[in-house]
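These notes concern the structure reproduced below.
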Amino acid sequence: MITRRNFLKRAIKGVAGLSLPIAAIGILSPKRLLGAGSDKLGVRWVFLVNTYKCVGCGLCVKACKTENEIPYDANVTRTWVERYVITKDGKRWADTPKGARDGFTTSKIDLGLGHFKEIKADDIEKAFFVPKLCNQCDNPPCVQVCPVGATYQTKSGVVLIDRKWCIGCGYCVMGCPYGVRFFHPIYHVADKCNFCYHRISKGLKTACVEACPFGARQIGNLRDPNDPVTKIIMTERVSVLKPEYGTNPQVYYLGMDEFII
Amino acid sequence: MLVHGEIWTIKELFVTPNEYIYWSLQIVMYPFMTGLVAGAFVLSSLYHVFGIKQLKEIARFSLVFSFALLFVAPMPLLLHLQQPQRNILVLMTPHFTSAIAAFGIVFMTYAAIVASELWFVYRKYFVETVALLRGKPEKTFAERIRYRIFSALTLGAYDVSHEALQKDEKAVKGLATLGIPVACFLHGYAGFIFGSVKANALWMTPLMPVIFIMSAVVSGVALCMLTYIVVMEIRKIHASSVVGRYVETRDQIKGAELNEIRMTSKYLLFFLIFAISLELLDLIFRGYTALKNWDILRSVIYGRDFVNIFILQYGLGNLVPFILLVLPRLTIRRAVVCLVLILFGVFMMRWNVVIGGQAFSLTFAGYMDYRMPIIPHDFETFKEGLFGALLVALTPFFLFWILDKIFPVFAVKKSD
């Protein structure tokens with residue numbers, strides 16, 4: 001006959017002994033390991049913009065606003081297209097009316113305050129369009145300056161914003177050299193392009209890549225040597241925006257020009 | 001649908017779509033207020049640490065004023081935040097790579113130091129007041145409240161022997177010494193917030209924290225001197241109209257006032273020269289090295305903002321007070337003009353840094369004009385407009401009036 005005391009002692013030892021392997025099953029849950037998705041070490045998202053192919057239609061901007069629920073009539077956008085016209089006298093004229101949401105409907109350059117610059121076709125030396133979006137930098141200054149850590153970088157390289165944690169101080173907006181961040185007009189927190197994270201983590205492409213009819217925008221995985229985007233970056237002459245800031249941007253451009261800011 | 005900043009930003013030429021003046025009037029007010037905090041504390045420490053006896057009166061005054069200003073310092077931040085109810089996150093879960101995260105630690109440390117120093121300075125007064133009130137058998141309601149508050153404030157330390165008071169003085173000296181670098185840090189980190197933003201061509205300079213600290217001391221000293229003069233003038237009026245009620249005569253007040261002001265203005269002059277030298281150094285350096293951003297910066301500094309920078313800030317805010325202070329036989333009237341101009345100059349410096357830094361686009365090929373909201377038509381144009389700034393500017397005086405009831409700044413009234 002076992003005494004009550006010994007029974008209790010054995011029971012406690014047994015429960016403690018069992019709890020370790022049971023807990024281990026929790027820590028090393030196979031479901032959680034498989035569900036790591038695109039954040040597994042193996043994906044580093046990278047973007048390629050081909051400015052030779054962009055015609056300034058603005059369909060990418062429309063698609064982005066629709067997909068990511070940025071109010072259509074609000075004057076902020078997660079991505080935009082800039083138009084550059086370099087005249088023969090060496091001057092640069094550039095504009096981005098409503099971020100090219102409606103395309104470029106006039107050949108007159110929008111100078112703001114209701115002024116427009118009319119440029120004769122004969123005076124144009126070169127002209128091109130430059131789409132821009134968040135560069136998901138490898139050394140993101142916006143993550144560095146956030147006082148509460150509401151903006152952070154995933155292992156796959158995308159910089160995200162926690163809408164429930166952001167205090168709306170605007171330091172990240174001031175800290176971005178590329179001007180991709182803004183305050184969301186409805187949620188009143190910081191917002192920016194996140195490479196349509198809800199799509200790419202499911203194997204889809206970003207809204208702007210899908211929408212571009214000319215293939216000027218492409219997204220890929222920098223860690224996969226067989227990825228078509230990676231192959232172009234490794235073999236062609238590519239460039240990034242404002243490398244002097246030390247941000248290590250991961251949006252590469254084909255057809256960069258000295259006049260592009 | 002207007003986005004934040006759109007209503008007071010006018011864009012010109014080539015500006016990217018998301019650029020607006022996000023850091024507007026309240027972000028100008030915040031370094032202005034913390035600068036006053038730091039400056040007032042440094043003035044008080046000139047007496048407590050360096051023993052400059054002639055500054056004793058103004059030292060007590062500026063310590064209490066620094067405490068009043070301290071409570072006002074977070075106001076501009078709370079008015080600026082898009083999610084002010086989450087402000088506690090900066091204190092509870094700070095992200096330490098951010099300069100703003102330093103706010104929590106520095107602010108709390110500084111508050112603790114000033115509160116402790118005030119306690120040691122006023123402990124004898126608390127004990128004496130409690131003893132006086134305890135002796136009264138019939139206390140009025142107000143006196144009972146006063147008795148309760150002051151008993152609590154003594155924290156049970158009733159020993160006012162010579163040795164105990166010596167220890168108090170030692171503690172004050174220690175705290176004042178420790179407080180100077182902390183006060184400098186409180187404002188220096190604000191300068192670092194701007195100076196470390198590599199994305200902003202105007203803000204990016206290692207000189208920024210030092211420039212901010214120097215002009216902070218200037219503004220703090222100037223404000224304390226100005227408020228001191230105003231209070232002294234009020235006391236003079238009382239002394240001449242109700243003879244015998246106050247311990248000093250009008251002439252006594254006048255003499256002490258002029259002495260304190262003349263002494264303090266010498267220190268003010270020193271810091272003024274230091275502050276303007278650093279700013280001119282930064283400007284000359286930028287022009288000499290002529291980096292890529294110099295073209296747009298030059299067009300903002302020498303063109304669009306010329307009046308704001310050279311006429312208002314450097315001219316009215318620095319040169320005119322400099323001349324007025326250097327001229328011999330400083331009078332109270334001349335001092336008041338100087339001090340008002342200096343405070344205006346320091347405010348314009350904050351304005352020219354914050355607003356000026358957002359006057360040009362990241363493209364270096366466009367401009368943004370700031371139209372300060374004057375008549376508010378919604379909560380946002382109130383918060384970040386003239387009335388929001390006035391609220392922040394006037395609250396310290398109201399708080400100072402309340403604090404003076406617990407930490408009286410001048411010689412106590414003769415009992416009735």
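Bear in mind that the values in this text are calculations on the coordinates, not laboratory data. Computed from a predicted model, the values in this text were never measured in an experiment. Virtual Cβ from ideal backbone geometry, glycine too; neighbours counted across all protein chains shown.
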(request) Please report, largest first and rounded to whole Å, the three semi-axes of the ellipsoid equivalent to region A:115-177, where each semi-axis is the square root of five times an eigenvalue of the C-alpha gyration tensor. (result) 37, 15, 9
(request) For helix B:386-406, report the angle its Cα long axis makes with the longest principal axis of the Cα atoms of chain B; keep it between 0 and 90° and round to the nearest 10°. (result) 20 degrees
(request) Per DSSP H run of at least 4 residues, take -39500 (n - 2.57); add these up for chain A, divide by its residues and hand me the 222 nm value, nearest 500 deg cm²/dmol. (result) -6500 deg cm²/dmol
(message) Test of understanding: in a Gaussian network model of chain A with alpha carbons linked when under 10 Å, which of A:LEU160, A:LEU222, A:LEU111 would top the mean-square fluctuation ranking?
(response) A:LEU111
(request) Give the order of A:THR151, B:THR140 when sorted by the count of other beta carbons within 10 angstrom, beginning with the fewest. (result) B:THR140, A:THR151
(request) Report, to the nearest 10°, how far helix A:4-27 tilts away from the longest principal axis of the Cα atoms in chain A, using its own Cα long axis and a range of 0 to 90°. (result) 20 degrees
(request) Divide by every residue of chain B the summed helix terms, -39500 (n - 2.57) for each DSSP H run of at least 4, and state the resulting mean residue ellipticity at 222 nm, rounded to the nearest 500 deg cm²/dmol. (result) -22500 deg cm²/dmol
(request) Just add up the charged neighbours of B:LYS173: K/R +1, D/E -1, any other residue whose Cβ is under 15 Å from the Cβ of B:LYS173. (result) +3
(message) With just the Cα atoms defining each centre, how far is region B:96-113 from region B:154-214? Give it in Å.
(response) 11 Å
(request) Kindly identify region A:141-233 as rounded, prolate or oblate by the Cα gyration tensor criterion: order the square roots of the eigenvalues as a ≥ b ≥ c, call it rounded if a/c is under 1.5, otherwise compare a/b with b/c, prolate if a/b is larger, else oblate. (result) prolate
(message) Please report the net charge: other residues with Cβ closer than 15 Å to the Cβ of B:VAL326, K and R +1, D and E -1.
(response) +4
(request) Please report, to two decimal places, log10 I(q)/I(0) for region B:162-307 at q = 0.08, 0.14, 0.20 Å⁻¹ as given by the Debye formula with identical point scatterers on the Cα atoms and no solvent. (result) -0.41, -0.89, -1.21
(message) 7 Å from Cα along Cα→Cβ at both B:ALA152 and A:GLU258: what's the point-to-point distance in nm?
(response) 7.2 nm
(message) With +1 assigned to the C-beta of every Lys and Arg and -1 to the C-beta of every Asp and Glu, and no other charges, what is the dipole magnitude of the protein assembly as shown about the Cα centre in debye, to the nearest 20?
(response) 2180 debye
(request) Return the whole-Å distance between the Cα centroid of region A:61-131 and the Cα centroid of region A:174-226. (result) 20 Å
(request) Using a cut-off of 11 Å between beta-carbons, work out the net charge of the residues near B:TYR22 (Lys and Arg +1, Asp and Glu -1, B:TYR22 not included). (result) -2
(request) Give the calculated FRET efficiency between B:ARG334 and B:PHE306 to the nearest 0.05, with a Förster radius of 30 Å applied to their Cβ-Cβ distance. (result) 0.60
(message) As an exercise, find the ratio Rg/Rh for region A:202-247 from alpha-carbon atoms, using the Kirkwood inverse-distance average for Rh.
(response) 1.01
(request) Take B:ARG304, A:ARG217 and order them by how many other Cβ atoms sit within 10 Å, fewest up front. (result) B:ARG304, A:ARG217
(request) Of all alpha-carbon pairs in region A:141-191, indicate the percentage at a distance above 15 angstrom. (result) 37 percent
(message) Normalised by the empirical 2.2 N^0.38 Å for globular proteins, what value does the Cα Rg of region A:80-231 take?
(response) 1.24
(message) Which three extents, in angstrom, do the Cα atoms of the protein assembly as shown have along their principal axes, listed largest first?
(response) 103, 91, 43
(message) Can you divide the C-alpha Rg of chain A by 2.2 N^0.38 Å and report the result to two decimal places?
(response) 1.36
(message) For region A:206-248, which GluC sites (Glu not before Pro) pass both filters: DSSP loop (anything but H, G, I, E, B) and at most 12 other C-beta atoms within 10 Å?
(response) A:GLU236
(request) Let me have the relative contact order for region B:11-406, percent, based on Cα pairs under 8 Å that are six or more residues apart. (result) 28 percent
(request) Could you please rank A:ARG78, B:ARG286, A:ARG4, placing first whichever residue has the fewest other Cβ atoms within 10 Å of its Cβ? (result) A:ARG4, B:ARG286, A:ARG78
(request) Considering the convex hull of the alpha carbon atoms of region B:174-230, report its projected area averaged over all viewing directions, in nm², one decimal. (result) 4.7 nm²
(message) Taking 2.2 N^0.38 Å as the expected size of a compact globular protein, what ratio does the Cα radius of gyration of chain B give against it, to two decimals?
(response) 1.07
(request) Loop only per DSSP, at most 16 neighbouring Cβ atoms within 10 Å: give me the trypsin sites (Lys or Arg not before Pro) in region B:56-165, ordered by residue number. (result) B:LYS139
